[in-house]
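Derivation of every value follows stated rules applied to the coordinates shown; laboratory data play no part. It should be emphasised that the depicted structure is a prediction, and the values quoted were computed from it without experimental measurement.
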Amino acid sequence: MTITKTLILNAILLCLPPMIVLGVFKSFSVQHIRWAAGVVALIDVAAFQTQLFYYESVWLVLFFLVIQLAITGLLSVWLYKKYGQT
């Protein structure tokens, strides 16, 4: 498997939304950080719309999205427990 520009771009698009969304929620409203996984899911569906509905890559894209959402959910719960209780 060769590393192409498209693969690098998709990896960046997969990593950036959770970091940005968790950072925004942590900075502005830690009380609502549990919504971060849902916001990331909406961003991912919009960003990966063409890959998600392409029949050959749908399972691979869904696998990575589920892994990303699980990690985002766990991080949001951890950040809520750490910073949300005042």
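Using a Gaussian network model of the chain in which every pair of alpha carbons under 10 angstrom is joined by a spring, one finds that among 71, 12, 33 the greatest mean-square fluctuation is at 12. In the chain, helical runs assigned H by DSSP with n ≥ 4 each contribute -39500 (n - 2.57); averaged across all residues and rounded to the nearest 500, the mean residue ellipticity at 222 nm is -25500 deg cm²/dmol.
In order along the range 3-15, the Karplus-derived 3J(HN,Hα) couplings, from 6.51 cos²θ - 1.76 cosθ + 1.60 at θ = phi - 60°, round to 8, 10, 5, 5, 5, 5, 4, 5, 5, 5, 5, 7, 8 Hz, and Gly and Pro are given as x. Cross-link reach is defined here as a Cα-Cα straight distance under 20 Å, omitting same-chain residues fewer than 8 places apart; for residue 26 the lysines meeting it are 81, 82. Full extension of the chain segment joining residue 11 with residue 62 gains 17.0 nm, where the gain is 0.36 nm per residue of separation less the Cα-Cα distance. Axis of helix 58-83 versus longest Cα principal axis of the chain: the two differ by about 10°, to the nearest ten degrees.
The long axis of helix 36-47 is offset from the longest Cα principal axis of the chain by roughly 20 degrees.
Averaging 1/r over each pair of different alpha-carbon atoms in the chain and inverting the result gives 13.7 Å, the Kirkwood hydrodynamic radius.
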